[in-house]
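Visitor: This structure is in structure tokens; I'll ask about it shortly.
The values are calculated or read from the model by the stated rules, or taken from the named source; none is laboratory data. These numbers come from a predicted model, not from an experiment. As a convention, Cβ positions derive from the backbone with ideal geometry for all residues, glycine included, and neighbour counts pool all protein chains shown. To get the accessible areas, we keep the full protein, side chains included, count just its heavy atoms, and leave off ligands, DNA and RNA. Shrake-Rupley method; radii C 1.70, N 1.55, O 1.52, S 1.80 Å.
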Amino acid sequence: MQLIVAVDSNWAIGNGSKLLVRIPEDQKFFREVTMGNVVVLGRKTLAEFPGGLPLKGRKNIILSRDDNFAVKDAVVVHSKEELMEELKQYDSNEVFIIGGESIYNMLYEYCDTAHVTKIDYSYQADKYFPNLDKDKNWKVVEDSEEHTYFDLEYYFYKYENQNPRELE
């Protein structure tokens, strides 16, 4: 499995229920990488999408503890165990974990690849992604030149997990 995330200089990913910033080139990269694949996300992340609707052109798997939660054109699972069973149906290279915080924390150790957009700025935040630079299992295998969006500098990194966990 893979994951895709944008983080600030403190590995923050959100504040309240909102992303820290929207960078068009990062959003384009996200679309290109995930299109035609499976995306795994939580209910709160889905609520932030336009109209609260699943992403078009992708198989959306949404984790919600609410047994009555249902979404048209998406698969809804209600536990980590149910999610693990669902994920076994897909080629792991086609599965992308896309957030939010609790979904990332639950699944990042199962991923073998992480696409991380690092924004060189520290935002006011209350949602964080695990710092892969401090995790001995993760190594940077690719990085980009500096990109800018107005006065923000950001970089695209690709990490590989040297020891991913197997799906349970």
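Visitor: Given the chain, what percent of its DSSP beta bridges are antiparallel, to the nearest 5?
Guide: Antiparallel bridges: around 50 percent, rounded to the nearest 5.
Visitor: Output the pairs from Lys18/Lys56; Lys56/Lys134; Lys59/Lys158; Lys88/Lys139; Lys80/Lys139; Lys44/Lys88 with a Cα-Cα distance over 31 Å in this structure; if there are none, say none.
Guide: Among Lys18/Lys56; Lys56/Lys134; Lys59/Lys158; Lys88/Lys139; Lys80/Lys139; Lys44/Lys88, the Cα-Cα distance tops 31 Å for Lys56/Lys134.
Visitor: Per residue, how much accessible area does the chain have with a 1.4 Å probe, in Å²?
Guide: Numbers: 9300 Å² over 168 residues.
Per residue, the chain has 55 Å² of solvent-accessible surface.
Visitor: Let me ask you something else. What does the net charge come to around Glu160 if you take all other residues with beta carbon closer than 11 Å to its beta carbon, with K and R at +1 and D and E at -1?
Guide: Working: positive: Lys139, Lys158; negative: Asp112, Glu142.
Cβ neighbours under 11 Å give a net charge of 0.
Visitor: Another question, if that's okay. Which peptide among 40-46, 151-157 comes first, and what is the full order, when sorted by highest mean count of other Cβ atoms within 10 Å?
Guide: Values: 40-46: 21.1, 151-157: 14.3.
Averaged packing, sorted descending, gives the order 40-46, 151-157.
Visitor: Quick one: plug the Kirkwood hydrodynamic radius of the chain (C-alpha pairs) into Stokes-Einstein at 20 °C, 1.002 mPa s, and report D in µm²/s. List each step's numbers first, then the result.
Guide: Values: Rh = 16.3 Å.
Result for D is 132 µm²/s.
Visitor: Taking the Cβ-Cβ separation of His147 and Glu48 as r and a Förster radius of 22 Å, what is the calculated FRET efficiency to the nearest 0.05? Could the numbers behind the result be given before it?
Guide: Values: r = 23 Å, r/R0 = 1.07.
That pair, His147 with Glu48, gives E of 0.40.
Visitor: Taking H as built 1.01 Å from N, whose amide H comes closer than 5 Å to the amide H of Ala6, not counting residues under 5 places away?
Guide: Answer set, sorted by chain and number: Thr117.
Visitor: Let me ask something additional. Would you mind telling me the share, in percent, of accessible area of the chain contributed by carbon and sulfur at probe 1.4 angstrom?
Guide: Values: 4230 of 9300 Å².
Using a 1.4 Å probe with all protein chains present, the chain comes out at 45 percent carbon and sulfur.
Visitor: When you count, for each residue, the other Cβ atoms within 10 Å and take the mean per peptide, how do 98-105, 67-74 rank with the highest first? Show your work: numbers first, answer last.
Guide: On the way: 98-105: 19.8, 67-74: 11.0.
Per-residue Cβ counts within 10 Å, averaged per peptide and sorted highest first, yield 98-105, 67-74.
Visitor: Determine the sum of side-chain charges near Gln2: Lys and Arg each +1, Asp and Glu each -1, restricted to other residues whose C-beta is under 9 angstrom from that of Gln2. Don't skip to the answer; put the middle values down first.
Guide: Working: positive: none; negative: Glu94, Asp112.
After counting each charged neighbour, the total is -2.
Visitor: Taking only Cα atoms, what is the 0 to 90° angle, nearest 10, from helix 24-34's long axis to the longest principal axis of the chain?
Guide: 40
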